[in-house]
Amino acid sequence: MSQPQSQEPTRHFSWFLRGARSAFSVPGLILASAFVGFAGLAKAAGLSLWETVFMVGVVWALPAKVVLVGAILSGVSLPAAAFAVALSSIRLMPMVVALVPEMRTERTPRWVLYTLSHFVAVTSWVLAMQHFRDVSREMRTSYYAGLGITLILANMLLVAFVYTVAGSLPPPMMAALLLLTPLYFLTSLWGSARERAMHVAMIIGMIAGPLVHLVAPSFDLLIAGLVGGAVAFAWHKRNRARST
Amino acid sequence: MTFDAINAWWWPLLFILVAGWLATDVWRFLGVYFGGRVAENSDAIVLVRCVATALVAAVIGNLVVFPSGALAETSLWLRLDATASGFAAYLFIRRSIVVGIVTAELILISGMFLAGDFNLPAPF
């Protein structure tokens, strides 16, 4: 342990840089296009530049931010907004549960794992799960820190830039920008589904959301989410009971 | 207690911290806490994934049917057409997100052009 000790920091730093570099990849670029759309969305919703950039940094997961902006647009109260965002983000827990054993060693301090968990969102998670097999176990936390920090900072800068120029864009380009977010979610969510039941949940949710919005605009997301999720889960159980 | 309820610079930031940061990071922290103790395909986790997925899907539906800003100027049918075509292109052409997004955008922009929503920019 005495000899490699001196080289450890440099090794960690070089893996940190490799992680940073893997942020600039196809998934990273697609995520960036979704953030371009988010900047337009936040601006159209009346958020200020600082509120928007702050939200990117502290929330990070894009679905949660879009739910939060949606809740702000509907004019719901703080507890209702927090509840809707929390419901939309439960998915982060199983993702972190799956990621932590991949990068934990016996010597990894707890605070490092808690800090790194903030970077977990669909894109960084997918990239990490893909690349971890090429990273030695002790270097994975450094690698993931580089990836996560780069993704967050780069997208905060991007959002600030797009927000600033969005006012001078011609209306058709603004409209095109605002269509980016729903399409990115529609396709990436469909592709990341683990079970068929998630596709069922998506179809019901997409139809129920706007319908419930007509009658109960403040609770549209909660009702559509709970009903769609429950029906999809029942479908999942029935299918499994039949196949076994 | 809405986003605009209190006219002070710190209120929107506090709103974002509680409804945004706390409501997301609590799950990430619980994930670290439970790390490895919950089975990925247990019923509870599947139910959780179903509810979260339906909720985000409801957001997708609302963004298309009740959009804000410049997108609200387009017709509902055009938005549904663009979204459905983009999704079909994604499904049938290598499940590529890029193909899906580009298809939808092309249909939206050409539809707006045909509806006379805008003119081609004059030569500079």
(message) From the mean inverse distance of alpha carbon pairs (Kirkwood) and the Cα radius of gyration, derive Rg over Rh for the protein assembly as shown.
(response) 0.98
(message) Output wanted: per-residue J couplings in Hz (rounded whole) for the range A:163-176, from phi through Karplus 6.51 cos²θ - 1.76 cosθ + 1.60, θ = phi - 60°, x for Gly and Pro.
(response) 4, 5, 8, 4, x, 9, 6, x, x, x, 5, 4, 4, 4
(request) Return the Cα extents of the range A:2-177 along principal axes one, two and three, sorted largest first, each rounded to a whole Å. (result) 61, 34, 24
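For peptide A:64-73, compute the average count of partner chain beta-carbon atoms within 10 Å of each residue's beta-carbon. It would help to have the intermediate numbers written out before the result.
On the way: counts 9, 3, 5, 9, 8, 5, 6, 6, 8, 4.
If you average over the peptide's residues, the count of other-chain Cβ atoms is 6.
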(request) Taking every Cα atom in the range A:1-74, find the radius of gyration and the maximum pairwise distance Dmax, and write them in Å. (result) 18.3, 60
(message) Taking θ = phi - 60°, what integer Hz values does the Karplus form 6.51 cos²θ - 1.76 cosθ + 1.60 yield along the range A:79-93, in sequence order, with x for Gly and Pro?
(response) x, 5, 5, 4, 5, 5, 5, 4, 4, 6, 10, 4, 3, 5, 4
(request) Taking H placed 1.01 Å from N in the peptide plane, check which residues at least 5 places from residue A:121 or on another chain put their amide H under 5 Å from its amide H. (result) none
(request) Determine ³J(HN,Hα), in whole Hz, for all residues of the range A:133-142 in sequence, where each value follows from phi through the Karplus function 6.51 cos²θ - 1.76 cosθ + 1.60 and θ = phi - 60°; x replaces Gly and Pro. (result) 5, 9, 10, 5, 3, 5, 9, 5, 5, 5
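Report the relative contact order of the range A:11-147, percent, no decimals, based on alpha-carbon pairs under 8 angstrom and at least 6 residues apart. Each step should come with its number before you reach the end.
Working: 106 pairs, mean separation 61.7, N = 137.
Computed over the range A:11-147, the figure is 45 percent.
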(request) Would you mind listing how long chain B runs along its three principal axes, going by Cα atoms, in whole Å with the largest first? (result) 59, 47, 27
(request) Using +1 at the Cβ of each Lys and Arg and -1 at the Cβ of each Asp and Glu in the range A:193-244, identify which of A:207, A:229, A:239 lies farthest towards the dipole's positive end. (result) A:239
(request) Would you order B:49, A:240 from fewest to most other beta-carbon atoms within 10 Å of each residue's own beta-carbon? (result) A:240, B:49
(request) Over all alpha-carbon pairs of the range B:68-115, lay out the pair-distance distribution in 10 Å bins, whole %, shortest bin first. (result) 31, 49, 19, 1
(message) Nearest 10 degrees is fine. How inclined is helix A:122-131 to the longest principal axis of chain A, computing both from alpha carbons?
(response) 30
(request) Work out the length of the dipole vector of chain A about its Cα centre, built from +1 on the beta-carbon of each Lys and Arg and -1 on the beta-carbon of each Asp and Glu, and round it to the nearest 20 debye. (result) 660
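Sort B:7-19, A:172-184 for me by packing, meaning the mean count of neighbouring Cβ atoms within 10 Å per residue, highest on top. All intermediate terms of the calculation are to be shown ahead of the outcome.
Values: B:7-19: 16.0, A:172-184: 24.2.
With the highest mean Cβ count within 10 Å placed first, the list reads A:172-184, B:7-19.
To make sure I understand, if each residue's beta carbon is the centre and we count other beta carbons within 10 Å, what order do A:227, B:102, A:162, B:64 fall in, fewest to most?
B:102, A:227, A:162, B:64
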(request) Within a 10 angstrom radius of each residue's Cβ in A:203-216, how many Cβ atoms of other chains show up on average? Whole number is fine. (result) 5
(message) Can you compute the equivalent ellipsoid semi-axes for the range A:193-244, i.e. the square root of 5 times each eigenvalue of the Cα gyration tensor, sorted largest first and rounded to whole Å?
(response) 25, 9, 7
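Quick check on the protein assembly as shown: helices-only [θ] at 222 nm, where DSSP H runs of length 4 and up contribute -39,500 (n - 2.57) each and the sum goes over total residues. Nearest 500, please.
Details: 18 runs with 274 residues, N = 368.
Counting only the DSSP helices, I get -24500 deg cm²/dmol.
Which order results if B:110, A:168 are arranged by neighbouring Cβ count within 10 Å, fewest first?
Values: B:110 12, A:168 8.
Ranking B:110, A:168 by Cβ neighbours within 10 Å, fewest first, gives A:168, B:110.
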(request) Please average, across the residues of A:53-60, the number of beta carbons from any other chain that are within 10 Å of each residue's own beta carbon, and give a whole number. (result) 5
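Bear in mind these aren't lab numbers, they're just calculated from the coordinates by the rules spelled out. Small disclaimer: the values here were computed from a predicted structure and weren't measured. Glycine gets a Cβ as well: all are built from the backbone with ideal geometry, and neighbour counts include every protein chain shown.
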